[in-house]
Amino acid sequence: QVHLVESGGGLVQAGGSLRLSCAASGSIYSINFMGWYREAPGKQRELVAVIIPGGSTNYGDSVKGRFTISRDNAKNTVYLQMNSLKPEDTAMYYCYATVVEKRWSTARQYWGQGTQVTVSS
């Protein structure tokens with residue numbers, strides 16, 4: 001079993017910054033994708049950012065140029081630096097990871113419990 005624990009959410013004014021962290025623990029042989037999705041009330045869950053072990057990244061169009069995703073493979077942790085925050089960034093942010101628990105096993109996707117980000121205007 002693998003657990004993802006997020007931290008770093010909160011309330012911030014428009015134009016401010018926040019840094020989210022998500023640490024994976026448990027039965028981990030390797031981690032492939034790590035990333036963040038967000039879900040606002042009344043809206044579909046959308047991709048924020050994803051990163052692979054080699055460091056390649058992909059971002060949702062609405063956050064490009066403002067958010068930066070990074071990861072520490074030794075700590076099984078992914079980070080999301082969010083700058084120039086806007087009220088429309090307000091959402092629950094969910095961390096996910098595709099984890100290989102044992103050598104030769106199939107990767108499984110795990111999700112964190114979510115952390116709330118609220119941006120006031």
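Just so you know, all these numbers are worked out from the coordinates, no wet-lab data involved. If you're wondering where the values come from, they're calculated on a predicted model, not measured in any experiment. Glycine gets a Cβ as well: all are built from the backbone with ideal geometry, and neighbour counts include every protein chain shown.
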message: So if I check each of SER84, SER56, SER30, which one is under 20 Å from THR118 (Cα atoms) and surrounded by fewer than 16 Cβ atoms within 10 Å (Cβ to Cβ)?
response: SER84
message: Which count do you get for residues in the stretch 64-116 that are without any contact (Cβ under 8 Å) to a residue 60 or more places away in the chain, in contact with a strand residue (DSSP E or B) (Cβ under 8 Å, 6 or more places away or on another chain) and of a type in the set (A, V, I, L, M)?
response: 4
- line: The strands (runs of 3 or more DSSP E) lying wholly within the stretch 68-119 that contain at least 3 residues that are more than 10 Å from the chain's Cα centre (by Cα) are 91-100, 108-111
message: Step by step: first the residues of the stretch 1-23, then only those that are more than 25 Å from ARG66 (Cβ to Cβ) and part of a strand (DSSP E or B), then the one that is farthest from the chain's Cα centre (by Cα). Which residue is that?
response: VAL2
